[in-house]
Each structure stands twice: as structure tokens, then as C-alpha cells.
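Participant: Before we start, here is the structure in question, set down as C-alpha cells.
The values are calculated or read from the model by the stated rules, or taken from the named source; none is laboratory data. Computed from a predicted structure; not experimentally measured. Glycine gets a Cβ as well: all are built from the backbone with ideal geometry, and neighbour counts include every protein chain shown.
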Amino acid sequence: MQTLLILHSLIRWLVLIFAFWTVISALTGLSGKREYSAGHGRSNFFFMLSMDIQLLIGLILYFSNGWFESLKHLGESMKDPMARFFTMEHSVMMIIAWVLVHAGRVSVKKANTSKAKFRKTLLFFGIALVIILIAIPWPFREAVARPWFRW
């Protein structure tokens, strides 16, 4: 399990790199009135792929580390900030971000113009990025702090 925890921590950085790459390329594409290219599609594909891998590892950790068992005693779990965060907040927000990334990818593919593709990219992937940043247990978050890099 420790190996999966380390992988989950490291892949977070890939998710963030691809998320920022996707959002920044959408911003520059929209402001520069560029054409939507294969590179733009690649950025959101890699964002989606890294989110899929992260979700898979996260679900394995969720069900094997006892967080799922905390749902049996939901009232008690909600009183403990760490249990509440990992049982509900982190999990639910990350799944919402995962859904937004997948919905965004489909929506961008269906858009007809470059401007529409960039707008949809910015909307779906931008909101997903904000949710991800809120849901990560950063070292500066007192009750749920985790290290920048877990080794």
C-alpha cells in the first residue's frame, strides 16, 4: 500500500502539470485567436489519462485503507476533520473533477469552431483544476496536511 500511496502522491504532480498545460493553452488560444490544434487535444488527453490513473489508484487506496469503512460510522467520521476530508471531501471533489474532465473532453470534441473548443476547454478543465487544487491535502492545510512529496 505504501507504494501506491507514493505513486498517488507523485501522479498528483502529473495531473497538475497537464491541467495547467491544458488551461494555459486554452487561454492563449482564446486570447490569441489561434486555431485549435492536435497539441491542444493532446494536452487535454494527457490530463484525462493522468486523472484516470490517479482515480484508479485513489479508489484502491480508498477501499483498502479503511476510509470506506468510515462510512459505517458516518456521524463520528464527520466530527474528525481528517476522516471527513478523506472519507468525503477529497473523494467526492476528485470524482467531480474526473467527471468534468471526461465531460469536457467529449464537449470539446463535439464543438465546431476553435473558439468554441477553447471556451469549453477553459470552462470544463478550468473548473476541474480549481476543484483539484481545493481537494489536494497540501502541507499548509493543518488538519489534513500531507507532504509535498511522499517517499
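Participant: Condition (residue is over 30 Å from Phe85 (Cβ atoms) and not aromatic (Phe, Trp, Tyr)) applied to the stretch 16-25: is it met by at least one residue?
Facilitator: yes
Participant: To continue, here is another question. Within the stretch 72-95, how many residues turn out to be surrounded by fewer than 15 Cβ atoms within 10 Å (Cβ to Cβ), part of a helix (DSSP H, G or I) and of a type outside the set (Val, Ile, Thr)?
Facilitator: 9
Participant: Could I ask something else about it? Which residue, of Ser114, Ser91, Ser77, Ser107, is of a type in the set (S, T, N, Q) and within 15 Å of the chain's Cα centre (by Cα)? Spell out how you get there, then give the answer.
Facilitator: On the way: Ser114 fails: within 15 Å of the chain's Cα centre (by Cα); Ser77 fails: within 15 Å of the chain's Cα centre (by Cα); Ser107 fails: within 15 Å of the chain's Cα centre (by Cα).
Being of a type in the set (S, T, N, Q) and within 15 Å of the chain's Cα centre (by Cα) holds for just one of Ser114, Ser91, Ser77, Ser107, which is Ser91.
Participant: Still on this structure: Among (1) crowded, with 18+ Cβ neighbours inside 10 Å; (2) among the basic types (Lys, Arg); (3) farther than 19 Å from Leu16 by Cα, which single condition is Arg105 missing?
Facilitator: The one condition Arg105 does not meet is (3).
Participant: Go through the stretch 24-39 and report how many residues are touching a residue at least 24 places away in the same chain (Cβ under 8 Å), more than 18 Å from the chain's Cα centre (by Cα) and assigned to a helix (DSSP H, G or I).
Facilitator: Residues flagged as touching a residue at least 24 places away in the same chain (Cβ under 8 Å), more than 18 Å from the chain's Cα centre (by Cα) and assigned to a helix (DSSP H, G or I) within the stretch 24-39 amount to 3.
Participant: Among the listed residues Leu49, Leu55, Leu4, Leu16, which satisfies the condition of being among the aliphatic types (A, V, I, L, M) and modelled with pLDDT under 95? Give the derivation first.
Facilitator: Numbers: Leu49 fails: modelled with pLDDT under 95; Leu55 fails: modelled with pLDDT under 95; Leu16 fails: modelled with pLDDT under 95.
Only one candidate qualifies: Leu4.
Participant: Filter the stretch 4-23 for residues that are surrounded by 20 or more Cβ atoms within 10 Å (Cβ to Cβ) and aliphatic (A, V, I, L, M); which is nearest to the chain's Cα centre (by Cα)?
Facilitator: Ranking the candidates gives Val15 first.
Participant: Quick check, is Ser64 touching a Lys or Arg at 6+ places or on another chain (Cβ under 7 Å) and on the phi < 0 side of the Ramachandran plot? Spell out how you get there, then give the answer.
Facilitator: Working: touching a Lys or Arg at 6+ places or on another chain (Cβ under 7 Å): no; on the phi < 0 side of the Ramachandran plot: yes.
Taking the combined requirement at face value, the residue does not satisfy it.
Participant: Applying the selection to the stretch 116-151, what residues are of a type in the set (Lys, Arg) and in contact (Cβ under 8 Å) with a residue 12 or more places away in the chain? First the steps, then the outcome.
Facilitator: Restricting attention to the stretch 116-151, the residues satisfying the condition of being of a type in the set (Lys, Arg) are 117, 119-120, 141, 146, 150.
Lys117, Arg119, Lys120, Arg146, Arg150, listed by residue number.
Participant: Is at least one residue of the stretch 53-63 over 18 Å from Leu4 (Cβ atoms) and surrounded by fewer than 16 Cβ atoms within 10 Å (Cβ to Cβ)?
Facilitator: Filtering the stretch 53-63 for residues over 18 Å from Leu4 (Cβ atoms) gives none.
No, that holds for no residue.
Participant: Also, I was wondering about something else. What are the residues in the stretch 118-151 that are more than 12 Å from the chain's Cα centre (by Cα) and at pLDDT 95 or above, if any? Don't jump to the end; show me each part of the working.
Facilitator: Going residue by residue through the stretch 118-151, those that are more than 12 Å from the chain's Cα centre (by Cα) are 118-123, 137-151.
If the condition is that a residue be more than 12 Å from the chain's Cα centre (by Cα) and at pLDDT 95 or above, then Phe118, Arg119, Lys120, Thr121, Leu122, Leu123 are the ones that fit.
Participant: Here's something else I'd like to know. When the residues of the stretch 125-148 are narrowed to those that are of a type in the set (A, V, I, L, M, F, W, C) and under 14 Å from Ser25 (Cβ atoms), which ends up surrounded by the fewest Cβ atoms within 10 Å (Cβ to Cβ)?
Facilitator: Step one: of the stretch 125-148, the residues of a type in the set (A, V, I, L, M, F, W, C) are 125, 127-136, 138, 140, 143-145, 148.
Within this subset, residues satisfying the condition of being under 14 Å from Ser25 (Cβ atoms) are 125, 129.
Working: Phe125: 28, Leu129: 21.
Per the criteria, the residue is Leu129.
Participant: If you don't mind, another one. Evaluate the stretch 72-94: report whether one residue or more is closer than 21 Å to Trp13 by Cα and aromatic (Phe, Trp, Tyr).
Facilitator: Taking the stretch 72-94 first, the residues closer than 21 Å to Trp13 by Cα are 85-86, 89-94.
Narrowing the set further to residues that are aromatic (Phe, Trp, Tyr) leaves 85-86.
Yes, the conditions are met somewhere in the stretch 72-94.
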